[in-house]
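Peer 1: Below you'll find the structure I mean.
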Amino acid sequence: MIVAASVLASSATATLVPIDDRDLVRFGVLLGCSWIAIELTRHIERKREYWRSPTSGYIDTKSVWSFAAVIVLPPLLASLMVVLTYTLAWWRIKPHARPGLPHRWVFSCATVLCGTQAAVVVLEVGMASYPGAPGAASMEGLAEFGVIAAAGVLRWAINLGLVLVAIALASPTARARDLFSNIGEQVLEAGALGLGLVTAAVVVNNPFVLPGVVVAMVALHRGLLVHQYQQASRFDAKTGLTTAKWWHEYAEQAFTQSRNRGRTMGLLIVDLDHFKAINDTYGHPFGDRVLRSVAKELLAEVRDEDACGRWGGEEFVIALPEVGNEHNVQRVAERIRRRIQSVVLDPPGNDDSADVVTITASVGGAIFPAEGISSLDELLLAADTALYAAKNGGRNTVRLNGAGAPTMPVRRALPQQAEPPTAGA
């Protein structure tokens, strides 16, 4: 539907402005710069594409060239620039995807086309010099700059809105904060639109300066890749949950706030029962599938303000800020245990005669404030003690720190490979 709408909208604006030889030259210059920029940044974009979250929009800098085309070229050429830049990017950044249908790229291109046509209408109505750079006179130029800014914001909003709706429909269990997890990267989109305005002015007045824009884009991409690696280090590759290190950092902050404000905080440790036997019987790839299924159930059960992390192996941790009381911790733990117990997976090989695989988990919990708990690590120790009691109590059960638990757990409270970040880290 979006693809059809983009085609109809592009057809409706195609004849608003006639095309002359000067427009074709500018189109060729912008397309050539776009191709060079894609070639110089394709290795970086491949890494970004690999590390990106499936529940957040993907942001790049192709809009530098397509937005410049919207400003200085007739609508038909501006639409063609969008299509060609997406085609070039798909061809060079995702070579392993050929010859399959790049449906995500087609949809993304269609959303940008829809936004482009809306921007064209704004520019056509508000700019006396459209298509072209803003006027040179001070007040006229300022007014046209405002029109261009409005067109850019509208184009961005339509693109982002359609993409987020599509992701939400494709991933109904995704939470709002997952959809907006990379909202900080929208600064890149704003920068790309701003650079597109500069590019439009340059291509009209002095095209020989355009190599400087390409260099700026390459530098921008390299800085962005560092941020991408930092983001990737926060999430476990197998489950999509936060790593133990970053979970500990968040939980430490939540614990400090709870202590300073006199509020409660619950903590759960979830351990899958007989997970080693599952790995030994069905193989590690199936074990990874089990971990992903459990992680999905955990995320579906907790609130947005809670934090789930993979603690290591088959263990997961959940921080529950402002949980209220011990009864609420028990209720959450029981709901999680039942959710995990409801997971049913077909064994590998798709053998219809084989029995399905079910999963159970033991859950240990603790709450702050409580006697003997004055730090996050002590809260972790209390929850781990309760987990040990759940394991000894027959598994597939919930225990809170207290009666019947041994004095010390058999595991460390914090995995050695994920020590809490030190000051200044």
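Peer 1: For residue 292 and residue 107 in one chain, what is 0.36 nm times their gap in residues minus the Cα-Cα distance, to one decimal in nm?
Peer 2: Net length gain for the segment: 63.9 nm.
Peer 1: Let me check I've understood the local charge: for residue 371, count other residues with C-beta under 14 angstrom from its C-beta, Lys and Arg +1, Asp and Glu -1. What total comes out?
Peer 2: Details: positive: none; negative: 326, 378.
It works out to a net charge of -2.
Peer 1: For the range 268-374, what's the relative contact order in percent, using C-alpha pairs closer than 8 Å and at least 6 residues apart?
Peer 2: 36 percent
Peer 1: How much net charge surrounds residue 322 when only other residues with a Cβ under 11 Å from its Cβ are counted (Lys, Arg +1; Asp, Glu -1)?
Peer 2: +1
Peer 1: Could you calculate the contour length gain from residue 263 to residue 129, that is, 0.36 nm times the residue separation minus the distance between their Cα atoms, to one decimal place in nm?
Peer 2: Taking 0.36 nm per residue and subtracting the Cα distance, the gain is 42.2 nm.
Peer 1: Could you tell me how far the Cα centroid of the range 244-297 sits from the Cα centroid of the range 193-211, in Å?
Peer 2: 50 Å
Peer 1: To continue, here is another question. Principal axis lengths of the range 244-418 from Cα atoms, whole Å, largest first?
Peer 2: 56, 33, 32
Peer 1: Quick one: if you stick a label point 7 Å off each Cα along the C-beta vector at residue 157 and residue 355, how many nm between them?
Peer 2: Placing both labels 7 Å along Cα→Cβ, they lie 5.8 nm apart.
Peer 1: Counting other beta carbons within 10 Å of each Cβ, put 27, 235, 67 in order, fewest first. Could you put the intermediate results ahead of the total?
Peer 2: On the way: 27 22, 235 18, 67 29.
The most exposed by this proxy come first: 235, 27, 67.
Peer 1: While we're on this one: Compute the FRET efficiency between residue 35 and residue 150 as 1/(1 + (r/R0)^6), taking r as their Cβ-Cβ distance and R0 = 22 Å, and round to the nearest 0.05.
Peer 2: That pair, residue 35 with residue 150, gives E of 0.15.
Peer 1: Each label point is 7 Å from the Cα along the Cα-to-Cβ direction; what then is the distance between the points at residue 338 and residue 5, in nm?
Peer 2: Taking the two extended label points, one gets 4.0 nm.
Values in this text are rule-based calculations from the coordinates and carry no lab data. Just so you know, these numbers come straight off a predicted model, no measurement behind them. Backbone-built Cβ (ideal geometry, glycine too); neighbour counts: all protein chains shown.
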